[in-house]
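Note sheet for the following structure.
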Amino acid sequence: MATQAATAFSGNVKKALAGIKRINLDGLRWRVFDAKGQVLGRLASQLSIVLQGKDKPTYAPNRDDGDMCIVINAKDISVTGRKMTDKVYYWHTGYIGHLKERTLKDQMAKDPTEVIRKAVMRMLPRNKLRDDRDRKLRIFADGEHPFGDRPIEPYVMPPRTVREMRPRARRAMVRAQKKAEMQAQGGSDTRKNKKKEVEEEESA
């Protein structure tokens, strides 16, 4: 069954299944995260919670009780603001003056899975459990994965709580609306006055 699912997967099967034998899969849930349209940071925070097992009542910081996380549609992730061009990844080759950099836009074109992996791994604590949690994270650029034979469960992202507008910003918005209404009314009044003047000139 596993071989059938792996053969149906069109991507790199060897890379997708790498290190899976080193994970103790007994009692683990297979959670599927659809990254299409999700904000990068919010998705990464939920992934880090599930990988650490913080969503379970049996959580302990010295145990690796996290579930398997499968992320699909990594190429359709979204970011807010101008991060696509302003966010830059840096790394150094070790040679003098060889500081390399790559923008988020270029990284998405090269390998979108690495964007999510970096965001998640930088949210995890740096301890001995880090490598095992990294093996439980499987990210795929498209909507297919080779784990169709597993009892997968789609993960529902929590709804975003939109913060109420601050009083100062609300007052500024109300003032701007009133100003626009006053300008619209003033413009209509001037038009009416001009029409009256034209009519009076024609009658005279």
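Helical content of the chain, expressed as a calculated mean residue ellipticity at 222 nm, amounts to -13000 deg cm²/dmol (DSSP H runs of 4 or more residues, -39,500 (n - 2.57) each, divided by residue number, nearest 500). Across segment 27-146, Cα pairs under 8 Å and at least six residues apart give a relative contact order of 33 percent.
Would you mind telling me the antiparallel percentage of the DSSP bridges in the chain, rounded to 5? Numbers along the way, then the final one.
Numbers: 5 of 17 bridges.
In the chain, approximately 30 percent of DSSP beta bridges are antiparallel ones.
Scanning residues 5 or more positions from MET68 or on other chains, those with amide H under 5 Å from its amide H are ARG29, ARG31, with H placed 1.01 Å from N in the peptide plane. Read through the labelled values (i) 13.5; (ii) 15.0; (iii) 22.3 and report the label of the one computed as mean projected area of the Cα convex hull in nm² from the structure. Computed from the coordinates, mean projected area of the Cα convex hull in nm² corresponds to (iii).
Looking at the chain, the accessible area is 70 square angstrom per residue; that uses a 1.4 Å probe and ignores ligands, DNA and RNA.
Identify the trypsin sites (Lys or Arg not before Pro) of segment 28-92 meeting these criteria: DSSP loop state and at most 13 other C-beta atoms within 10 Å of the C-beta.
Values: sites: ARG29, ARG31, LYS36, ARG42, LYS54, ARG63, LYS75, ARG82, LYS83, LYS87; in loops: ARG29, LYS36, LYS54, ARG63, ARG82, LYS87.
Counting only loop positions with at most 13 other Cβ atoms within 10 Å, the trypsin sites (Lys or Arg not before Pro) in segment 28-92 are LYS36, LYS54, ARG63, ARG82.
Loop sites here are chymotrypsin sites (Phe, Trp or Tyr not before Pro) outside DSSP states H, G, I, E and B with no more than 16 other Cβ atoms within 10 Å. The longest part of the chain free of them is 96-204. Here segment 137-178 and segment 15-55 have alpha carbon centers that stand 17 Å from each other. Taking every Cα-Cα distance in segment 1-122 and sorting them into 10 Å bins starting at zero, the pair-distance distribution P(r) comes out as 11, 35, 32, 20, 3, 0 percent. Between VAL39 and MET123, the distance separating the two model label sites (each 7 Å from Cα on the Cα→Cβ line) works out to 1.2 nm. Taking MET123, MET173, MET108 as the candidate residues, the one with maximal mean-square fluctuation in a Gaussian network model of the chain, Cα springs under 10 Å, is MET173. Across segment 85-90, rounded Karplus estimates of 3J(HN,Hα) from the backbone phi angles (6.51 cos²θ - 1.76 cosθ + 1.60, θ = phi - 60°) give 10, 8, 6, 10, 9, 10 Hz, Gly and Pro being marked x.
Restricting the trypsin sites (Lys or Arg not before Pro) of segment 124-155 to loop positions (DSSP other than H, G, I, E, B) with no more than 10 neighbouring Cβ atoms within 10 Å leaves ARG126, LYS128.
Can you send over the carbon and sulfur percentage of the accessible area for the chain, probe radius 1.4 Å, protein chains only? Intermediate values should be presented prior to the final figure.
Details: 7380 of 14350 Å².
Within the chain, the accessible surface is 51 percent carbon and sulfur.
The values are calculated or read from the model by the stated rules, or taken from the named source; none is laboratory data. Note that the coordinates shown come from a computational prediction; the quantities given were computed from them, not determined experimentally. So basically every Cβ, Gly included, is an ideal-geometry build from the backbone, and we count neighbours across all protein chains shown. Just so you know, the surface numbers come from the protein's heavy atoms only, side chains and all, with ligands and any DNA or RNA stripped out. Shrake-Rupley method; radii C 1.70, N 1.55, O 1.52, S 1.80 Å.
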